[in-house]
Amino acid sequence: MPAKDLYHNVVKNALIKDGWRITHDPLRLKWGIKDMYVDLGAERILSAEKAGQKIAVEVKSFVGASDMNDLENALGQYLVYRSVIARTEPDRKLYLAITQSVFGELLSEPLGQIIRADYQVCLIVFDEKNEEIVQWEP
């Protein structure tokens, strides 16, 4: 099993604060002989309009030497997981969880905008200090 991301517990706590029940830590995916692990699986149980909603969340800290390398790796991982989830758990939506600073400095910039649009990347933007979700995209 892979190591947990730097912000794994921060995102987990933020999801719980936001009314999500963590169902998997990590969420195991299997396709053929390959095993993959998405950081978190969760289900919305509190609000009536979102009751039963299932998500998978891949947490990325973007603390490597190159933000472009981090983006390339995160996007590749996201797309692989999304393909497998679409076939194994089509009722579960995949999100990439990132800090506010990564969103502001990379994913809201022109390159980030075309990546998000072309690949339909769903984001959870979180405040790492307060352990809160500040934005869902889309």
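The values are calculated or read from the model by the stated rules, or taken from the named source; none is laboratory data. Since the structure is predicted, the reported quantities are computational estimates derived from the model, not experimental observations. Virtual Cβ from ideal backbone geometry, glycine too; neighbours counted across all protein chains shown. Only protein heavy atoms, including side chains, enter the accessible area calculation; ligands, DNA and RNA are left aside. Shrake-Rupley method; radii C 1.70, N 1.55, O 1.52, S 1.80 Å.
Numbers for the structure displayed
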quantity	calculated
So Gly64, is it open to solvent by less than 50 Å² (accessible area, probe 1.4 Å), part of a strand (DSSP E or B) and under 20 Å from Val11 (Cα atoms)	no
Enumeration of residues in segment 1-42 that are out of contact with any Gly (no Cβ under 7 Å at 6 or more places or on another chain), in a strand (DSSP E or B) and open to solvent by less than 50 Å² (accessible area, probe 1.4 Å)	Trp20, Ile22, Leu29, Met36, Val38, Leu40, Gly41, Ala42
Flag for Arg87 being of a type in the set (D, E, K, R), out of contact with any His (no Cβ under 6 Å at 6 or more places or on another chain), over 15 Å from Ala74 (Cα atoms) and free of Cβ contacts under 8 Å to residues at least 60 places away in the same chain	yes
Members of segment 1-42 that are touching a Phe, Trp or Tyr at 6+ places or on another chain (Cβ under 8 Å) and at pLDDT below 95	Met1, Pro2
Ser108 being more than 16 Å from the chain's Cα centre (by Cα), within 19 Å of Gln135 (Cβ to Cβ) and polar (S, T, N, Q)	yes
Residue within segment 46-54 that is assigned to a strand (DSSP E or B), surrounded by 15 or more Cβ atoms within 10 Å (Cβ to Cβ) and at pLDDT 95 or above present	yes
Residue within segment 80-103 that is at pLDDT 95 or above, farther than 20 Å from His24 by Cβ and more than 15 Å from the chain's Cα centre (by Cα) present	yes
Segment 51-68 residues that are within 20 Å of Pro2 (Cα to Cα) and in contact (Cβ under 8 Å) with a residue 24 or more places away in the chain, paired with ones that are among the β-branched types (Val, Ile, Thr) and in a helix (DSSP H, G or I) (beta carbon under 7 Å, 6 or more apart)	Ala56/Ile85; Val57/Val11; Val59/Val11; Phe62/Val102
Hey, Glu109 of a type outside the set (Phe, Trp, Tyr), modelled with pLDDT of 95 or more and open to solvent by less than 80 Å² (accessible area, probe 1.4 Å) or not	no
Residue in segment 68-95 that is surrounded by the fewest Cβ atoms within 10 Å (Cβ to Cβ), counting only those that are touching a Lys or Arg at 6+ places or on another chain (Cβ under 6 Å) and not in a helix (DSSP H, G or I)	Asp91
